[in-house]
Amino acid sequence: MTLNSKVPSGPIEDKWETHKFEMKLVAPHNKRRFTIIVVGTGLAGAAAAASLGELGYNVEVFTYHDSPRRAHSIAAQGGINAAKNYKNDGDSVRRLFYDTVKGGDYRSREANVHRLAEVSVDIIDQCVAQGVPFAREYGGLLDNRSFGGAQVSRTFYARGQTGQQLLLGAYQALARQIAAGTCRLHNKSEMLDVVVKDGRAVGIVCRDLLTGEISRHTGHAVVLATGGYSNAFYLSTNAMYCNVTAAWRAHRRGALFANPCFTQIHPTCIPASDEFQSKLTLMSESLRNDGRIWVPKDPDDTRPPDQIPEADRDYYLERRYPAFGNLVPRDVASRAAKREVDNGHGVGPLENGVYLDFSNAISRLGRSAIEEKYGNLFEMYERITDENPYSVPMRIYPAPHYTMGGLWVDYNLMTTVPGLYAAGEANFSDHGANRLGASALMQGLADGYFVLPYTIGDYLAEHLGESLVPTNDPAFDDVESDVIGRVARLVGNKRGTRSPDHYHRRLGKILWDNCGMERSREGLGKALAEIPALHDEFRRDVRILGSDDGLNSSLEKAGRIDDFFQLASLMCRDALDREESCGGHFRVEHQTEDGEALRDDENFSYVAAWEWTGEGAEPALHKEPLVFENVELAQRSYK
Amino acid sequence: MDLTLRIWRQPDAESDGDFHVYAVKGISSDMSFLEMLDVLNEQLIESGEEPVEFDSDCREGICGTCGLVINGVPHGPERATATCQLHMRKFSDGETITVEPWRATAFPVQRDLVVERSPLDRIIEAGGYITAPTGAAPDANEIPVPKEAADAAMDAAACIGCGACVAACPNGAAQLFTAAKIAHLNLLPQGQAERYRRTEAMVDTMEEFFGSCTNHGECEEACPKEISIDFIAMMNRDYIRSKFKNRKRLGQKKVG
């Protein structure tokens, strides 16, 4: 298989414009003859469904939630980047492009990133027109703030609830199309497989979470906007339902999975308090604008933080990275925190955190200014920890948060299965080995509002006049019987003894210990032996009570964990194969003298796209070489 | 801490339900309420009893998926806190805690503590949006929005759509939910063109599914985002105006 990225030729500034002109169009009266399936209603899915519906396509929208408004995009706090240069601080499309490629440690595709930077400005316009209540200056114009990994203020925000407001904007646009009849909503409906016929995606098979009914849905194209896979680690900042099943099932049907080891560990999360912790809570990265991170210089210092004098504190980020200070990119900040905790400087009852201190900012700006910016985050922190961050420094520690890896897609966001698209966090395309803060919302909405509506038309135009594959086609029969078999195997295992969560926790621990913030050849080898063994045990021993013909959350969880096991092996396989450190992927064997990630551009400047070759078989690696014509590769430096 | 839980169990929408009593031991006060239920469910699974079904996703108080009536109060005893953000330190050792699903005619119970809330989506579909087709927008700074208006719109837009307001209302009314969305959009300059059409359509749809408001104010008390009941007054005013507003002149003179 050769990977064709389909990146248009010509200067990078003109590629997207040229491509938009060269893509084929579907005339308005023909659009209604096409049916497009959109799975997932987060930023990418809701934006795509609404925009495609507006264009006149028939759109079938699927979510496992009761309402499309609940997708995990809603929990994004900090903001969304756009190259508006409203602050007159030297921002431009070129700078956002450059920052994103550099931030991603030179492992993303230049052309995709440039397009993202170009459409970023349109996203803000679109969202404001929809009524997204972004923060404003007193003159009525939009406010911006700076964010990790950037030296300009290009982040738009709506208090600490930017993701919520952007998602509600997209959800409301989708609601308008549902009312107009162009989009049909299937809620409480979980996609369990993709149907591929003659090499093309032609539909999906779903399970109704309330009735257990398995249903078939046919379409001319299928869009997966099903999010990332951080929950493979069990403890992450993702929502409880987030899972990889849709993407993984597509992978097993022929879609290559790219850079699975590129996972992001977010530096500012609340440390775990006990073993029953069900998830970790993120504290927005924007807090690093005003908070200063430190640990006591003496590992044995047991004084409360306010009694530790300045001289006995180590503001280690400011010390090591004077240019960026507390605003270094996420991967750098996370590893630095790990190093402090590993060296015994950790704070808190379990000594598993570092301080994020607002006392300077409060005395400089006043408590009310801090409350205005971060009030809801401080409240959330206090609710969880019972400590008041206005008077006691927050304790933070890194946690799995986002996955840069995902389904391989070409410039049109199409996977290696024709007619099957992946958008938002579900694809791998824009963030390389590390995502910059406030760029996930930007990418989700870029894909949904401004890329897919064009590129899908280009594909469909070639299939004008083709009728839908009927749902009684043998292709659907085969996939449906697979799905039914899988559900029946899980629910039919009457000898099981332990809950799905029990196995998920154990899998998560293996991954976190061996494929988390630091990876080594030895650890990855160990994980690659342990994961399949635990998977076997899981399949033998998982206990699912109740039946498959009604609401059964154990059954739902078990199906998702089953897929996480296979993904986890691929993550380790990919991490083992990539003999370099870059972005969120840090191999202990490859570091500079002062402990920074050491890339190997000569040998690893490629996208690792893995092909499924069957259960228990070694996956096949395909490489898409990355060519940098507009950004000069350099050792990332935030000093 | 050791606790006794009285939990509503109901096999499906058609069957009757009743309270089951369970004991949980060794609960840490730093645990969230839902983590405590996770522990109970692990115990139940190991002992061969089907786990208690409850809805919960983000566990950060923002997605609006979770919602339990705890000791008779939607989202439990802590003010301005969704169920998932409630921690066990708010309870005492040895306490008996009663856990029920949302109780409202418009939200039928699906199983145990899970209810169906899609009528809220129908209200949004009726007009809870600004018609702004993708790609048609002017530059974002073309429309200045006074900070006070943007802030007030954001206060209303903070609604998470959990439905606690409906569950708390003796009439099962959805006024607070509907008013929050109407206020968010009607307060902004971008929302003016559809202001009265939106208000009328959303209120009429709300009335199809939900009970009527008789100013109890329980909704505001239960709201995890502290959405103000003042928005209901604003909605009522706009609804009445919608009945006689000359919409042909909406863009021509000051609205308000």
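Rounded to the nearest angstrom and ordered from largest down, what semi-axes does the equivalent ellipsoid of region A:133-181 get from its C-alpha gyration tensor (root of 5λ)?
Semi-axes, largest first: 28, 13, 8 Å.
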inquiry  = What are the ³J(HN,Hα) couplings of region B:83-94, residue after residue, when phi is run through the Karplus curve with 6.51, -1.76, 1.60 and θ = phi - 60°? Round to Hz, x for glycine and proline.
reply    = 3, 5, 9, 7, 10, 5, 5, 7, 10, 10, 4, x
remark   = Ranking A:Glu632, B:Glu49 from most to least accessible area with a 1.4 Å probe gives A:Glu632, B:Glu49
request  = Rounded to the nearest 500, what is the 222 nm mean residue ellipticity of the protein assembly as shown from helices alone, with -39500 (n - 2.57) per DSSP H run of 4+ residues and division by all residues?
outcome  = -11000 deg cm²/dmol
ask   = A:Lys623: accessible area at probe 1.4 Å, nearest 10 Å²?
value = 120 Å²
key: Residues with amide H under 5 Å from that of A:Thr263, placed H, sequence gap 5 or more   = A:Met404
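Where Lys and Arg each count +1 and Asp and Glu each count -1, what net charge lies around B:Lys147 among other residues with Cβ under 13 Å from its Cβ? Mind showing how you got there, number by number?
On the way: positive: A:Arg136, A:Arg159; negative: A:Glu137, A:Asp143, A:Glu372, B:Glu148, B:Asp151, B:Asp155.
Around B:Lys147, the surrounding residues sum to -4.
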task = Find the relative contact order for region A:483-625 and round it to a whole percent, using C-alpha pairs within less than 8 Å whose residues are 6+ positions apart.
result = 24 percent
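Placing unit charges on C-beta atoms (Lys and Arg positive, Asp and Glu negative, everything else neutral), compute the dipole magnitude of chain A about its Cα centre in debye, rounded to 20.
Values: 72 positive and 87 negative charges, 211 e Å.
Dipole of chain A, to the nearest 20 debye: 1020 debye.
Leaving ligands, DNA and RNA out of it, report the carbon-plus-sulfur percent of the accessible area of the protein assembly as shown at a 1.4 Å probe. Working shown, then result.
Working: 14770 of 30710 Å².
C and S atoms contribute 48 percent here.
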inquiry  = I need the fraction of alpha carbon pairs in region A:242-331 separated by more than 20 Å, rounded to a whole percent.
reply    = 60 percent
task = Pop out the ³J(HN,Hα) list for region A:200-209 in order, Karplus 6.51 cos²θ - 1.76 cosθ + 1.60 with θ = phi - 60°, rounded to Hz; leave Gly and Pro as x.
result = 10, 6, 10, x, 9, 10, 10, 10, 6, 6
key: Under Karplus coefficients 6.51, -1.76 and 1.60, residue-wise ³J(HN,Hα) of region A:474-486 in Hz, glycine/proline x   = x, 4, 6, 4, 4, 5, 5, 5, 4, 4, 4, x, 5
remark   = Expressed in square angstrom to the nearest 10, the accessible area of A:Thr41 with a 1.4 Å probe stands at 0 Å²
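Where does each of B:Phe210, B:Phe19 land when they are ordered by accessible area, with a 1.4 Å probe and the largest first? The partial results should precede the final answer.
Details: B:Phe210 15, B:Phe19 70 Å².
Ranked from most to least accessible, the order is B:Phe19, B:Phe210.
Using a 1.4 Å probe, what is the accessible area per residue for region A:483-625, in Å²? Could the numbers behind the result be given before it?
Working: 5790 Å² over 143 residues.
Computed with neighbouring chains in place, this is 41 Å² per residue.
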ask   = Looking at region A:522-551, which residues lose a minimum of 50 Å² of accessible area between their chain alone and all protein chains in place, measuring with a 1.4 Å probe and not counting ligands or nucleic acids?
value = A:Arg543, A:Leu545, A:Leu551
key: Lys/Arg +1, Asp/Glu -1 at C-beta; the protein assembly as shown dipole; positive extreme among B:Ile62, B:Pro119, B:Ala183   = B:Ala183
query = Counting only the heavy atoms of the protein chains, how much of A:Val39 is accessible to a 1.4 Å probe, in Å² to the nearest 10?
reply = 10 Å²
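Above 15 Å lies some portion of the pair distances; for region B:74-174, what is it as a whole percent of all C-alpha pairs? Intermediate results must be reported in sequence, preceding the final value.
On the way: 3803 of 5050 pairs.
Cα-Cα pairs in region B:74-174 separated by more than 15 Å: 75 percent.
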request  = Give the residue from A:Gly485, A:Leu576, A:Gly595 lying farthest towards the positive end of the charge dipole for region A:483-625; charges sit on Cβ (+1 for Lys and Arg, -1 for Asp and Glu) and the dipole is referred to the Cα centre.
outcome  = A:Gly485
ask   = How many nm separate the modelled label positions at B:Gln192 and A:Ser520, each set 7 Å beyond the Cα in the direction of the Cβ?
value = 6.6 nm
ask   = What translational D, rounded to a whole number of µm²/s, comes out for region A:267-400 from Stokes-Einstein when the hydrodynamic radius is the Kirkwood one over Cα pairs, at 20 °C and 1.002 mPa s?
value = 144 µm²/s
request  = Between A:Ser363 and A:Arg498, with labels modelled 7 Å along Cα→Cβ, what's the label distance in nm to one decimal, could you check?
outcome  = 5.1 nm
ask   = Taking the alpha-carbon set of region A:495-577, what are its Rg and Dmax in Å?
value = 13.9, 45
task = Could you name every residue in region A:276-307 that has 30 Å² or more less accessible surface in the full protein assembly than in its own chain alone (probe 1.4 Å, ligands and nucleic acids excluded)?
result = A:Phe276, A:Ser278, A:Lys279
ask   = What are the residues whose amide H is under 5 Å from the amide H of A:Cys269, where those residues sit 5 or more places off or on another chain and H is modelled from the backbone?
value = A:Met283, A:Tyr397, A:Ala399
key: FRET efficiency, A:Ala617 to B:Arg6 (Cβ-Cβ, R0 60 Å, nearest 0.05)   = 0.70
request  = Using all C-alpha to C-alpha distances in the protein assembly as shown, build P(r) with 20 Å bins and read off the rounded percent in each one.
outcome  = 15, 51, 32, 2
query = Expressed as a whole percent, how much of the Cα-Cα distance distribution for region A:448-552 exceeds 16 Å?
reply = 74 percent
request  = Taking only protein heavy atoms into account and a 1.4 Å probe, give the accessible area per residue of chain B in Å².
outcome  = 38 Å²
ask   = Between B:Arg237 and A:Ile484, what FRET efficiency comes out of the Förster formula 1/(1 + (r/R0)^6) with R0 = 60 Å and r the beta carbon distance, rounded to 0.05?
value = 0.65
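Working with all protein chains in place, sort B:Glu226, B:Glu200, A:Glu462 by solvent-accessible area computed with a 1.4 Å probe, largest first. It would help to have the intermediate numbers written out before the result.
Working: B:Glu226 100, B:Glu200 45, A:Glu462 120 Å².
From most exposed to least exposed: A:Glu462, B:Glu226, B:Glu200.
What is the interface area between chains A and B, defined as buried accessible area summed over both chains with a 1.4 Å probe, reported in Å² to the nearest 100?
On the way: alone 24240 and 12990 Å², together 30710 Å².
Chains A and B together bury approximately 6500 Å².
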ask   = So what is the relative contact order of chain A, in percent, for Cα pairs below 8 Å that sit 6 or more residues apart?
value = 20 percent
note = Eigenvalues of the alpha-carbon gyration tensor of region B:117-249, times 5 and square-rooted, give semi-axes in Å, largest first, of 25, 17, 14
message = Name the residue from A:Val195, A:Ala221, A:Gln165 whose Cα lies farthest towards the positive end of the charge dipole of region A:156-222, charges +1 on Cβ of Lys and Arg and -1 on Cβ of Asp and Glu.
response = A:Gln165
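Taking only the alpha-carbon atoms of region B:3-114, what semi-axes of the equivalent ellipsoid follow from 5 times the gyration tensor eigenvalues under a square root, in whole Å, largest first? Before the final figure, lay out the partial values.
On the way: eigenvalues 79, 65, 33 Å².
Equivalent ellipsoid of region B:3-114: 20, 18, 13 Å, largest first.
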ask   = How large is Rg over Rh for chain B, taking Rg from the Cα atoms and Rh as the Kirkwood inverse mean of 1/r across Cα pairs?
value = 1.05
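Just need the relative contact order of region B:3-114 here, percent rounded to a whole number, with Cα pairs under 8 Å and 6+ apart. Working shown, then result.
Values: 202 pairs, mean separation 40.4, N = 112.
Dividing the mean separation by the residue count of region B:3-114 yields 36 percent.
On average over all directions, what projected area in square nanometres does region A:483-625 have, based on the convex hull of its Cα atoms? Show your work: numbers first, answer last.
Values: hull surface 39.2 nm².
Computed as one quarter of the Cα hull surface, the answer is 9.8 nm².
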query = How big is the C-alpha Rg of region A:138-282 next to the rule-of-thumb value 2.2 N^0.38 Å, as a ratio?
reply = 1.33
message = So if each residue of separation counts as 0.36 nm, and I subtract the Cα-Cα distance between B:Glu14 and B:Thr131, what length gain in nm does that give?
response = 38.2 nm
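In Å, the Kirkwood hydrodynamic radius of region B:197-245 over pairs of distinct alpha carbons?
Values: mean 1/r = 0.0839 Å⁻¹.
Evaluated on region B:197-245, it is 11.9 Å.
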key: Cα centroid separation - region B:129-186 against region A:108-146, whole Å   = 20 Å
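The values are calculated or read from the model by the stated rules, or taken from the named source; none is laboratory data. This structure is a prediction, so every number in the text was calculated from the model and none was measured. All Cβ positions, even for glycine, are placed from backbone atoms using ideal geometry, and neighbour counts span all protein chains on display. Ligands, DNA and RNA are excluded from the accessible area calculation, which covers all protein heavy atoms including side chains. Shrake-Rupley method; radii C 1.70, N 1.55, O 1.52, S 1.80 Å.
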